[in-house]
Amino acid sequence: MTTKTAAITALLAADATLKALATGGVFDLNALDRQGLELEDITAGAPLVQPAIAVRLSGETPYSGLAVSAAQITVELYFYQHAGYATCEAMRARCYALLHRQRVASTEPAGEWLFQLQWAGDITGQNDESLGGASMERSRYIGYLTKQ
Amino acid sequence: MSQHFKWRVSPSQGYDANRYVRVVEQGVFDLLNNVWAVTLENDAKVNAPWRDRTGNARQTLAGYAVRVPQSGSVQAVFVSDGERLLPWTYDPGRGGIALILRHGMSYGKQLELARQGRFAIVGPTLDWARPQIWASVQRMLK
C-alpha cells in the first residue's frame, strides 16, 4: 500500500541523479512525527545540513471543473542545503523533470486515480530559521484525481 | 429597383465592445473584492493553525483584490503561486485583476514556509478556494 506522498518520495529516492544530490535524504513528511523535519534528521551527526528534500501533501480540495467526485491535490517539495542555493536549484530542476506532467501511481486510499502532476510554481532563495537558518527553496505541484 | 440599406442604429452605438469588456472586468473585480476577498480573509483568520501570542499575525491577515495595470505589478507580502487566477502577478506586461491574501507581519513568511509549512495559512486557504473561485467566475460569465 502506497500513499501519494510515499509514491512520490519513492520515485525521487530511486532516481540516481537525485540520490547523488540529496545526500541528506528524501523524506515523506506524512511518515514523520508531528514535529516534521528537524535539524538532526538532515545533519546526520555532521555539523552541516546535508542537502535534503521533504515531500508534503498540503491540500486536497473538491474540484468541480473536471468531473464529479474529482479533487485537486497540492504537493509541496521543500529543498534544503547548508548554505547557498546551487544544490537546491539542481534538486528542484531534477524534481521538475521527474514530476511535471507525470502520473505517479499510488494505491492508498483505494479507488483514486491521479491524472498527472503539474508544476505550479517555486519559491526560491529562502532560509528556514527552524532548521538553523538552512537555505531553503520550495516547489509546488498540483494534480487532479478522481475519487470513487 | 434600387436596394436601400439603412443603419437603424449607428454602428458606434450598436455594440460597444469596449464597454462590454469594462462591464465584465468590473463584475469580476466586484466578485473577487466583495465576495472572495472577504471570505478568504475570514477563513484564514479563523483557521490559522498557530497559537496566538500577540494576536497581530492573525489580525493583520488581509484579503483584497487589486487591478493590475498593463505595465505594472502587484506588491504583496505573500502572494500564493498562482495557477489560473494570478498569472498577471507574474507578468508585468499584461493587465488584469489580482486577488491577494497576505500576511501583515514581517514573520508571516516564516509562518508560511518554516517547518515545511506546518503553520501555513495563506497557501492552503488559496488552494482550497482556487477551484471554487474559478467556478464562480465562470458561472458569472455564463
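Quick one: order A:Asp128, B:Asp43, B:Asp30 by neighbouring beta-carbon count within 10 Å, fewest to most.
B:Asp30, B:Asp43, A:Asp128
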As a test of understanding, state the convex hull volume per residue of segment A:27-101 from its alpha carbons, in Å³. 112 Å³
Work out the charge dipole of the protein assembly as shown with +1 on the Cβ of Lys and Arg and -1 on the Cβ of Asp and Glu about the Cα centre, then indicate which of B:Gln116, A:Asn127, B:Tyr20 is farthest towards its positive end. B:Tyr20
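For the protein assembly as shown, with only Lys/Arg (+1) and Asp/Glu (-1) charged at the beta-carbon, what is the dipole magnitude about the Cα centre, in debye rounded to 20?
Magnitude of the dipole: close to 1120 debye.
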Please list, in order along segment A:107-121, the HN-Hα scalar couplings obtained from phi with the Karplus expression 6.51 cos²θ - 1.76 cosθ + 1.60 (θ = phi - 60°), rounded to whole Hz, x for Gly and Pro. 10, 9, x, 5, x, 9, 10, 8, 5, 6, 9, 10, 4, 10, x
What average count of beta carbons from other chains do you get within 10 Å of the Cβ of residues in B:135-141? 1
For B:Glu25, what is the net charge nearby, where nearby means another residue's Cβ is under 11 Å from its Cβ and Lys, Arg count +1, Asp, Glu -1? +2
Would you mind getting me the FRET efficiency between B:Val23 and A:Gln148? Use the beta-carbon distance for r and R0 = 51 Å, nearest 0.05. 0.75
Taking Cα atoms, how many degrees apart are the long axis of helix A:4-14 and the longest axis of chain A, rounded to 10 and kept between 0 and 90? 50 degrees
Determine by what factor the alpha-carbon radius of gyration of the protein assembly as shown differs from 2.2 N^0.38 Å, reporting the quotient. 1.19
Within the set of other residues whose C-beta is less than 12 Å from the C-beta of A:Ala86, count the net charge using Lys and Arg as +1 and Asp and Glu as -1. -1
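Taken together, the values in this text are just the output of simple stated rules run on the coordinates, not laboratory data. Predicted, not measured: the structure shown is a model, and the values here were computed from it. Quick reminder, even Gly has a Cβ in these numbers, built from the backbone with ideal geometry, and neighbours come from all protein chains shown.
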